[in-house]
1. Residues E25, E46, E64, E104: which one is of a type in the set (D, E), under 26 Å from R152 (Cβ atoms) and surrounded by 11 or more Cβ atoms within 10 Å (Cβ to Cβ)?
2. Report whether or not V128 is assigned to a helix (DSSP H, G or I) and among the β-branched types (V, I, T).
3. Give region 30-81 a look and list any residue that's among the charged types (D, E, K, R) and either in contact (Cβ under 8 Å) with a residue 60 or more places away in the chain or within 15 Å of A9 (Cα to Cα) (or both), or say none.
4. Return the only residue of R111, R95, R100 being out of contact with any helix residue (DSSP H, G or I) (no Cβ under 9 Å at 6 or more places or on another chain) and over 13 Å from H13 (Cβ atoms).
5. Could you grab me the full set of residues in region 93-122 that are in a helix (DSSP H, G or I) and polar (S, T, N, Q)?
Amino acid sequence: MLFDRYSRAVYNHAFRLSGSWSTAEDVTQATFLVAWRRRADARLVEGSALPWLLVVATNAVRSEWRSTRRWLALLRRLPTARHADGDLADEVAERLDDERRMTELLSVVRRLSPAEREAVALCLWSGVSYSDAATVWGISEAAVRSRVSRARSRLVRLVPEEIQEGTR
């Protein structure tokens, strides 16, 4: 029931953080595995597990980044392989385009402080209310609002016009 209710939101949150559809799928799976294992530790906010699940997903994305960095370091030591050219389906092309745009946006978002990045991911991208985010993070709602406001101000200055035009 928990998966049916929240999996789409967790998946979208993971994609927004990672910029990769496949990573988002892996993170969603890992999030619900952690949710099952740590169900006694879950922090419900007004009867909803979504804010807690999104924080778990954020941590899973961070773990994925660390694994990816180690994997890429290993691959750099291997000789380069040749890739066969082939037909790409429209869906694959769209996914690659989505991932490219998200990667561009993430490169800007990563310039924010960790607190601002988390505020963007949880409140702006995933639509978690300020009060729910405050409860999950253990801070005041005013502090959450401040993080979101600072993040928005910095993003307006940092996001290149090409990206802004592509997201409208």
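1. Details: E25 fails: under 26 Å from R152 (Cβ atoms); E46 fails: surrounded by 11 or more Cβ atoms within 10 Å (Cβ to Cβ); E64 fails: under 26 Å from R152 (Cβ atoms).
The unique qualifying residue is E104.
2. Values: assigned to a helix (DSSP H, G or I): no; among the β-branched types (V, I, T): yes.
No, not satisfied.
3. Taking region 30-81 first, the residues among the charged types (D, E, K, R) are 37-39, 41, 43, 46, 62, 64, 66, 69-70, 76-77.
Within region 30-81, R43, E46 meet the criteria.
4. Values: R111 fails: out of contact with any helix residue (DSSP H, G or I) (no Cβ under 9 Å at 6 or more places or on another chain); R95 fails: out of contact with any helix residue (DSSP H, G or I) (no Cβ under 9 Å at 6 or more places or on another chain).
Of the residues listed, the single one that is out of contact with any helix residue (DSSP H, G or I) (no Cβ under 9 Å at 6 or more places or on another chain) and over 13 Å from H13 (Cβ atoms) is R100.
5. Scanning region 93-122 gives T103, S107.
Since every read-out is calculated from the coordinates, none of them should be taken as a lab result. Predicted model, so just to flag it, every value in this text is computed and none were measured. Don't worry about glycine lacking a Cβ; one is built from the backbone with ideal geometry, like all the others, and counts go over all protein chains shown.
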